[in-house]
Structures are given as structure tokens and as C-alpha cells.
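This report refers to the structure that appears directly beneath it.
The values are calculated or read from the model by the stated rules, or taken from the named source; none is laboratory data. Every value quoted in this text rests on a predicted model; they were computed, and no experiment measured them. Surface areas here come from the heavy atoms of the whole protein model, side chains and all, with no ligands, DNA or RNA. Shrake-Rupley method; radii C 1.70, N 1.55, O 1.52, S 1.80 Å.
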Amino acid sequence: QVQLVESGGGLVQTGGSLRLSCSASGRAFSNYAMGWFRQAPGKEREFMSIITGDGGSTWYADSVRGRFTISRDNAKNTLYLQMNSLKPEDSAVYYCAAREGGVRVGFHEYDYWGQGTQVTVSS
């Protein structure tokens with residue numbers, strides 16, 4: 001098992017930046033593919049970005065490609081999401097998630113979740 005705790009959310013103006021962190025504890029962090037997902041009020045949880053266990057491959061949703069960067073530091077058991085050029089439509093609760101094995105886009109394919117961190121982008 002792995003336990004996940006997100007941090008770094010907050011209130012930012014349009015065009016600003018935030019860096020989310022997800023600290024993991026438990027079994028070998030590098031064994032897990034990791035992802036960032038978000039959920040806005042009244043909407044389904046959606047895929048943002050995923051990364052392989054070794055950090056060598058990444059994928060992004062079209063809505064954030066070029067603005068968000070996912071990375072991980074396996075020595076620190078930490079996943080990151082650098083978010084630049086933020087827009088009001090990026091406002092949501094952001095979750096990190098983990099699964100053993102390969103990456104998947106669907107949120108339902110992830111077994112472990114953090115509690116979420118709120119990101120609010122003001123216009």
C-alpha cells in the first residue's frame with residue numbers, strides 16, 4: 001500500500017503559477033505509476049497528467065499541455081505538478097493517485113488517492 005498527501009494548493013490570480021506536491025509513504029514509490037486528476041463542483045473527476053514509475057514518460061490532457069508539468073523525485077517519494085499560466089477554469093480540487101504497474105488515463109484505474117488540495121484561480 002501507499003499513502004498520499006497533497007499540498008501546495010491555494011488562491012492565485014489568472015496567469016499565475018502554483019506547484020503541487022504529493023508526498024508518498026509506504027512501499028517502494030518507484031513501483032507506482034502516478035497521476036494528477038482534478039474535480040470541479042458538479043463535474044466528474046478528470047485526468048490531468050500521468051507519469052511512469054521511473055519518471056521517463058509523461059502524458060497530459062489537451063487542456064493543460066504546455067502549461068502544466070508533471071515530475072517525480074523517487075529519492076524523496078514525491079510527485080509534483082508545476083502549473084503555469086493558470087486560468088479560472090483550472091479551479092478545482094486536485095488529487096494525486098497511484099497504481100502499481102503501467103500508467104492509465106482513467107481515474108477509476110487508480111487504487112490509491114490523496115485527500116485533495118484546492119486550487120482557485122481568480123479572474
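The Cα center of segment 1-68 and the Cα center of segment 77-123 differ in position by 3 Å.
The residues of segment 24-77 expose, per residue, 50 Å² of accessible area to a 1.4 Å probe.
Computed over protein heavy atoms with a 1.4 Å probe, the carbon and sulfur contribution to the accessible area of the chain reaches 46%. Global size of segment 51-99: 11.7, 34 Å for Rg and Dmax (C-alpha atoms, Rg to one decimal, Dmax whole).
Compute the Rg/Rh shape ratio of segment 39-79: radius of gyration over Kirkwood radius, all on alpha-carbon atoms. Write down the numbers at each step before the final one.
Numbers: Rg = 12.1 Å, Rh = 11.6 Å.
Rounded to two decimals, Rg/Rh equals 1.05.
A Cα-only calculation for segment 66-122 places Rg and Dmax at 12.8, 37 Å. Note on residue 39 and residue 54: the extension gain reaches 2.8 nm, defined as 0.36 nm multiplied by sequence separation minus the Cα-Cα distance. The three principal axes of the Cα atoms in segment 4-123 give end-to-end lengths of 41, 27, 24 Å, sorted in falling order. Averaging the sequence gap over all C-alpha pairs within less than 8 Å and six or more residues apart, then dividing by the number of residues, gives the chain a relative contact order of 36 percent.
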